[in-house]
1. Please compute, for peptide A:82-90, the average count of beta-carbon atoms on other protein chains lying within 10 Å of each residue's beta-carbon.
2. May I ask you to order B:53-65, B:315-327 by the average number of other C-beta atoms within 10 Å around their residues, highest value first?
3. Treating the Cα atoms of the range A:31-223 as identical point scatterers in vacuum, please give the log10 of the normalised Debye intensity I(q)/I(0) at q = 0.12, 0.17 Å⁻¹, two decimals.
4. Rounded to the nearest 500, what is chain A's calculated 222 nm mean residue ellipticity when only DSSP H runs of at least 4 contribute -39500 (n - 2.57) each, over all residues?
5. Structure shown: which of B:Lys23/B:Lys71; A:Lys165/B:Lys523; A:Lys44/B:Lys71; A:Lys112/B:Lys265; B:Lys13/B:Lys98; A:Lys44/A:Lys153 lie over 25 Å apart, alpha-carbon to alpha-carbon?
6. Farthest toward the dipole's positive end in the range A:31-223, which of A:Gln69, A:Ser208, A:Ala219, given Cβ charges of +1 (Lys, Arg) and -1 (Asp, Glu) about the Cα centre?
7. For the range B:31-89, report the translational diffusion coefficient in µm²/s to the nearest whole number, using Stokes-Einstein at 20 °C, 1.002 mPa s, and a Kirkwood Rh over Cα pairs.
8. Using only atoms on other chains, find how many Cβ atoms lie within 10 Å of each Cβ of peptide B:517-530 and report the average.
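Nothing in this text is a laboratory measurement; each read-out follows from the coordinates by a stated rule. Small disclaimer: the values here were computed from a predicted structure and weren't measured. Counting neighbours? That spans all protein chains shown, and the Cβs are built from the backbone with ideal geometry, glycine included.
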Amino acid sequence: MWWWGSLLLLLFVAVLVTAVAIFALRTPRRPAAVVLIGPCGAGKTLLFYRLTEDEHCDTVSSMQSNQGQVGDVALVDFPGHYRLRGGLKDELDRATKLVMLVDAAAMAAQAKPAAELLFQVLTAFQNAKRPPPVLLICNKTDKATAKTPQRVKLMLMNEIETLRKTAHALRSIDDDDDKQQPAQLGVEGRVFSFDQHSPCPITFLPISVKNDDLSPVRAFVQTGLVSTTPSS
Amino acid sequence: MPLPVEQVVVFRKGGKVLWSRGKAKDVVNSWIGSVLLEEKGGDLRATIESYTVEWRLANDVDSVLVLVYNKSMELDFGGELLERLRSAVRKQPRELDKSYDRIASDLEARPRRVAPAPAPARREEEEEGEGEEEDEEEAAAEVSVEEKLRRRGVGTKGGRRKKKEDEKPTKKQPKVWRDTIHKRTSAAQVAELDYSKKEEASDASMATTYLPADGERAAWEEDEEEKKSGSWLSSLMESAAGTATLTADRVEPIMAQLRERLVAKNVAAEIATEVCESVATTLAGKKLGRFERARGAVKDALAAAVERVLTPKRSTDVLREVLAAKERQKPYVIVFVGINGVGKSTTLSKVAYYLKSHGLDVGIAACDTFRSGAVEQLRSHAKCLGVDLFERGYLKDPAQVAKAAIDDAAKKKRDCVLVDTAGRMQNNDKLMRELAKLVTLNEPDLVLFVGEALVGNDGISQITLFNRALANFSPTKRQIDGLVLTKFDCIDDKVGAALSVTYATGQPIVFIGVGQKYTHLKKLSVTQVLNALFS
C-alpha cells in the first residue's frame, strides 16, 4: 500500500533516534574543564572549595575527584594519591587549563612525586595541538620552611631531567616492539629546561591557599592569564 | 567520664571534612591510603599504627564516618556510635555537634556492656567474666598479631552488635560466611544465617527455609536468562526514571558472578571474595544515574577498585632510585627473596643487565650459601653479564656475606649491589630467621619478592606468611617492599596472580619476567591486566 513506505521510514527514524539518545546518555562525554592536580597533601581540595564555594574547610585525602563551577568555568579537583593515578589521562584530555599545586614547605618529600606528575603531564601534552597552559602554585608560603618558586622550579627541573633518562627505560608489557615510544620530552642531549622545552607555558606562583587572596588563581582559571608578575 | 576516643570524623569521599571532633588527622589519611584505596574496607575495622580505626560508609549521602581510638582500648560501642551517627548524618547533617553529644552522653551513662552479643562463643565468654582487663589485653595483642586471621574468621565486636536504640535501623550488610577460607556457602544457607531480615525467626522456619515455595522451581530447572529478563523491564523503567538505588540484595548476585570471573582468571579465591565484599560496601545505598544499569555500575566499580589496587602506591622506577643513590655516593642494595625455583637468580641477572645497560656499575653478591651449586650458577651468569661477583663459598652466614659484599662495593664505588638469597619455604623458620637477619643487618634499599605469575590460591598464603615471618623475626619489622612476577609469558590472559599478590601485600609489582633472555624484563601494564580481567 502507498503509506507503507513512509510508515516504515518513520519507524526506522524513531528507532534510530532512540538508539542515538540512549547511546549519548549512556556514555557521557566529559565536558571541558580546568583541572587541579598535585601530589597528596598539596592543598588541592582546600583550593577547590575556596574557589567554588568560597569556603575554608578541613580536608582528608580525596578518594574521588570533586567537580564544581568557578563562575561559568567547570573546575575539577583530581585526587593526588598514587593509587588513583589511573584516571589522570582522561582528565588531561579534557583540561583547558591546568592548575598544579605543590607543598613548597615540604619539597624534600614532594619534589619526586610532583616531578613525576608534571613529567607525565608534559609528556602527554607533547603531541597535543593546543596544550593547555599550566599554573604551578607553590603553596603554603605561610610556613617558614617554604621554598621560593625559583628553588621549586630548579628542584622539579632536576627531577624531570632524571626522569627523562629513566621513565621509559623499562618497556611495559603491552608495548609492541615496533610501536613508537612516547614522545620524548625536551631535546636529546640537552639539559631539560622549563623555559625552552616545555610544550606549554608554565607560570610559577607562590601563594598560601589557606591565607592569601586567591584573585590571581581565579584570574587564571577564568582567563588563562596570571595578573601578578610571575617569578620565573 | 568522657568516651576514650581520639577522633570522630565525617567526610565526603572527595576529601572535604564535614564534621570532626578530636585530632588524629594523619591516622585518617594513612587509613584512607592503606585500607579504603586498597579495597580492604569490607571489615569495617582496621589497625593503623597505634590506633584502631572503625568506620561506616553512608553511600547515599556520599559520606564516610570514621572513629579512631587507641588500639589498647577494646571499645564495644564503636559500631553503635557510628551507626547512630550515620542516621544523624542522613537526617540532620547540619546538627552533628548536637547529635554526637547526645549519642556520646548516652554511651557514657551506660555501664560497660555485658550484653548477649550474637557473636561467636569465644566473644561471649570474654564478655561474661569480670576479668575483662585480661581479656582486653589478650584481644589487643591479637589485633596486632593475628589481625588478618581474626578479620576473616571472627566478626568484629563493635561492628556486629545489634542496635536496638536506633530509631531508624539501618540496613545491615549481609555477611559472607565461609566454612573454610575458600568455600562460600550457598545462598540458602546465607539466608538461613541472615538474622537481619528475620528479627524473630521462629523455630518453624525450617520448612520455609528448605522446602520450595509454591510454584518455585528447583535451581537446576531454572533458566537464568528468564530470571534476568523478568527484572530487566522493571530495572529499565527505574533507570529511565533515574530513581534506581543499588541495594545490597541487588549487588550480591551480580558481584557473585563477577567474583567467579575473577577466580576463573586465576585470582586467588579469598582475595576475590575480599575485594568483592569491600566494593559491595561502597555500593550499597548508592543511587544509580539515569540509564545506568545495576550490572554496569557494579562492574565499573569493581574494575575501578581493581585498578586502584594494581596501581603502585609509589614510583616503581628502580633506575631512578639507583641514580639518586649514585648521587649520594652510596651503593643501592636490592635483595631478592622468594620460594625455591621461582627464578630469583634469573631475575637478578636480568635486573643486573638492565642497570648495567644504563651505564651503572653493578655488583652481585652470592648469598645463597645453602643450596650447593647456587654460587657456580650465579658465577656463570656474572661472567656472561660481565659483572663482578662477590662470594664467600658455602656454609657462611648469608647476612655477613651480604655485609661484606656491600662494604666491598662501597670501597670500589659501585652504584648498585644485587643480593641473591637462597630460596626458602615460608614455613622454614631457620631459613626465615636467617633472611630476617640479613635484611635487618644490611638495611637494603629494596627487598623484592620474586614469585611466579602462575600461582593460584597457594601463592597468597606463601607471600603473606613470608611477609609475616620476615616481620616477626626482624626487630625493625622490615617487610617486602616490591614484587617481581616471573613467567608472565606463560599465563595467557590468566593474569589474576597480579591482583592477588598486590592485594595481599599492598606493594607494587616492580618488574615482570617474560622470557629466558636478559632482555626479557618489563614493567606491568595495569591497563592490560584490567582488559584481561574484565573484557
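1. Details: counts 10, 17, 5, 6, 8, 4, 0, 1, 0.
Taking the mean over all residues of the peptide, I get 6.
2. Numbers: B:53-65: 20.6, B:315-327: 18.9.
Highest to lowest by the protection proxy: B:53-65, B:315-327.
3. Results for the range A:31-223 at q = 0.12, 0.17 Å⁻¹ read -0.57, -1.15.
4. Details: 7 runs with 90 residues, N = 232.
The helix contribution divided over chain A gives -12500 deg cm²/dmol.
5. On the way: B:Lys23/B:Lys71 16 Å; A:Lys165/B:Lys523 16 Å; A:Lys44/B:Lys71 32 Å; A:Lys112/B:Lys265 35 Å; B:Lys13/B:Lys98 23 Å; A:Lys44/A:Lys153 19 Å.
Over 25 Å apart, Cα to Cα: A:Lys44/B:Lys71; A:Lys112/B:Lys265.
6. Checked the options; the winner is A:Ser208.
7. Numbers: Rh = 11.9 Å.
After rounding, the answer is 180 µm²/s.
8. Values: counts 0, 0, 1, 0, 2, 6, 6, 3, 5, 4, 4, 4, 2, 1.
Whole-number average of other-chain Cβ neighbours for B:517-530 is 3.
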